[in-house]
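J.: Take a look at the following structure, please.
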Amino acid sequence: NITEDELQGQGFVTVHHSFDVLKQMHGLSPSVIVKDDDKVIAYALVMLKECRDLVPVLVPMFNEFDKAQFNNRPISQYKYYIIGQICVSKAYRGKGIFEMLYEKHRELYSLQYDFVLTEVSVRNQRSLRAHAKAGFKTIHRYKDATDDWEVILWDWATPGN
């Protein structure tokens, strides 16, 4: 529900998660949030592979992930999780919060997982640039009925990433 100018300049999210789904995801592995006093101003959701069927609209994404490879191996051979969505409130953008969210993910999860994976619409250039700056690399591209997607990965197992 945003204008084309907002879409181009600010980025966007594509999936609505119900409170029940968020609780189930959080119960499997906590997500990372940033608060200003009592107000949540940013989040980066943790979505484990076990969440595959929680959001039916995302099953095709999981199927595409199953096709992807990293270092000539199927990603299924690695330990990873998915950023189910990341968002920073408009008033707080451009203040380093996006980077802070991902650094917290690395701090919390890099000893358990080889990498984190997500997909971003090719129309969401702001998000693709921000993820590239954070260290994400494109490992797979695909098109579905709704959009063209880049599957991107932040490799924690390789020094310097």
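The values are calculated or read from the model by the stated rules, or taken from the named source; none is laboratory data. Bear in mind that the values here come from a model prediction, so they are computed numbers and not experimental data. Note that each Cβ is placed from the backbone with ideal geometry, even for glycine, and that neighbours are counted across all protein chains shown. Surface areas here come from the heavy atoms of the whole protein model, side chains and all, with no ligands, DNA or RNA. Shrake-Rupley method; radii C 1.70, N 1.55, O 1.52, S 1.80 Å.
Results for (1) out of contact with any helix residue (DSSP H, G or I) (no Cβ under 6 Å at 6 or more places or on another chain); (2) modelled with pLDDT of 90 or more, shown as yes or no for each residue.
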{"site": "C51", "(1), (2)": "no, no"}
{"site": "P56", "(1), (2)": "yes, no"}
{"site": "M61", "(1), (2)": "yes, no"}
{"site": "Q77", "(1), (2)": "yes, yes"}
{"site": "Q85", "(1), (2)": "yes, no"}
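J.: Taking the condition loosely packed, with under 14 Cβ neighbours inside 10 Å and of a type in the set (V, I, T), does T146 pass? Reasoning before the result, please.
T.: Working: loosely packed, with under 14 Cβ neighbours inside 10 Å: yes; of a type in the set (V, I, T): yes.
Yes.
J.: Which number in (1) buried (at least 16 other Cβ atoms within 10 Å of the Cβ); (2) at pLDDT 90 or above marks the one condition that N124 misses?
T.: Unmet for N124, out of (1) buried (at least 16 other Cβ atoms within 10 Å of the Cβ); (2) at pLDDT 90 or above: (2).
J.: Can you tell me how many residues in the range 97-139 are among the aliphatic types (A, V, I, L, M) and without any contact (Cβ under 8 Å) to a residue 40 or more places away in the chain?
T.: First pass over the range 97-139, keeping only residues among the aliphatic types (A, V, I, L, M): 97, 100-101, 108, 111, 116-117, 120, 122, 128, 130, 132, 134, 139.
From the residues that got through so far, the ones that are without any contact (Cβ under 8 Å) to a residue 40 or more places away in the chain too are 111, 120, 122, 128, 132, 134.
Counting residues in the range 97-139 that are among the aliphatic types (A, V, I, L, M) and without any contact (Cβ under 8 Å) to a residue 40 or more places away in the chain gives 6.
J.: Still on this model: Filter the range 15-46 down to the residues that are modelled with pLDDT of 90 or more and open to solvent by less than 20 Å² (accessible area, probe 1.4 Å) and list them by number.
T.: S29, V32, I41, A42, A44, L45, V46
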